[in-house]
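The values are calculated or read from the model by the stated rules, or taken from the named source; none is laboratory data. Treat the numbers as computed from the prediction; the structure is a model and nothing was measured. Note: ideal-geometry Cβ built from the backbone for every residue, glycine included; neighbour counts use all protein chains shown.
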Amino acid sequence: MYLLVPDNTRIETNRIIVEGDVIVGNHSSVQYCISGDTVIMGEGVAVSGDVVAFSDARIDMWSKIGSGVKVGRNAYLGEFVTIDGKLIVEGDLDVGKEVKIKGGFEAKGWIIVRNPVPVIMFLLLYIREMMRLGKGEEVEKALEELFDDSEEGEKLDGKEPAEKVLIIPADTRISPEAIEVGGKAVIGSNCYLIGNLRVQSVETGKNLILKGSISSEGNITIGENSTVYGNLISKGQVHIGRNSRVFGGVRADAVFLHEKARVDGTIKAPSGVSFLREASGEMPPLAEVNALGKVLMVEAEEPLKGETEENLIKAADLVEIDSLIKTGPKVKIGFVPGMEKKSARTRSLARTRHFAGPRSQRKRQEAGEHQS
């Protein structure tokens, strides 16, 4: 179970805009308007705003739409569906019993009143029958046609159909305050999102703009050229890509930060902070931390081995980015190796012993010669 957000998706103040299709799992709650090509909703889905489907729309039983529904082609409504606004269908309307449309409806095609097969059951029965007959290729072709953007079956900008589908898993809660998902979240490139993310783990593409924080049980990966106006909190690892910026703090077990990325807040990582550096033709210098907490650059003895695009540079024992000296309960404040703090009386006695020692030894030697 995961949330899949395709490229160029925008979750704005009151609307979700998707260039491809939208699939909403059972018993999910979406406090936005939804706009996409084909819109498919499972059982018990609640949408507070309008639903706009440029192609087909299939809304399963017991679902509720808080405003109007506009469909560019055909619409399928299951039993006990409630639409508080007006329903406009450019094609055929297949509607079940006990459907309530408070704002009235307009349909330019055929209107059929019956009990449509539930969306999920329809797909499961169809796939099971095709697999029983050994027609796996027909199943794959049917799924591709289901999420095709055009009647002619043209390709979607050279991408697979699945890359243009917004998938909202079952029992997901999406509101302006937070996006709560019980599993993983995968966010494409060039997306604009408003709201906090609460997920098991999250991975984003390039050029993301997120106006909110991310809270995750697992890893958080922020792609290149992205901007996050909030905090990143993870019990696992946090990866921040090149030219990305976080206007907030980062708290995780370990942090991997590109050298060209920027974090305006405090970074806390018990397992350390690692810096990612781009590969170059020359041997890159290594970053080391001395006892004073200063970063010293030294030449590497051998070329670093690793990926062709990035090399990993790790500053050992880093806990906070703004506090490079790792202190413990037994470490004195301000301690520097070889320079213990001594009182003035202790230093004076040490100088006296240093000069008085050789003088006393010479006096004892002279007294012994006179006695002999």
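How about segment 195-231: which of its residues are under 15 Å from VAL246 (Cα atoms), assigned to a strand (DSSP E or B) and of a type in the set (A, V, I, L, M, F, W, C)?
Within segment 195-231, LEU197, ILE209, LEU210, ILE214, ILE220, ILE222, VAL228 meet the criteria.
Yes or no: SER175 among the hydroxyl-bearing types (Ser, Thr, Tyr), at pLDDT below 90 and more than 14 Å from the chain's Cα centre (by Cα)?
no
So CYS33 ticks every box in (1) modelled with pLDDT under 95; (2) surrounded by fewer than 22 Cβ atoms within 10 Å (Cβ to Cβ); (3) over 15 Å from VAL186 (Cβ atoms) but one. Which box is left unticked?
Answer for CYS33: the failing condition is (1).
State whether one or more residues within segment 234-242 are within 16 Å of the chain's Cα centre (by Cα) and under 18 Å from GLU180 (Cα atoms).
yes
So which residues in segment 175-187 are touching a strand residue (DSSP E or B) at 6+ places or on another chain (Cβ under 6 Å) and either farther than 11 Å from VAL5 by Cβ or among the small types (Gly, Ala, Ser) (or both), if there are any at all?
Across segment 175-187, the qualifying residues are ALA178, GLU180, GLY183, LYS184, ALA185.
Consider segment 236-260. How many of its residues are in a loop (DSSP other than H, G, I, E, B) and charged (D, E, K, R)?
Counting residues in segment 236-260 that are in a loop (DSSP other than H, G, I, E, B) and charged (D, E, K, R) gives 4.
Do you know which residues across segment 52-90 are small (Gly, Ala, Ser) and crowded, with 17+ Cβ neighbours inside 10 Å?
Residues satisfying the conditions are ALA53, SER55, ALA57, SER63, GLY66, GLY68, GLY72, ALA75, GLY78, GLY85.
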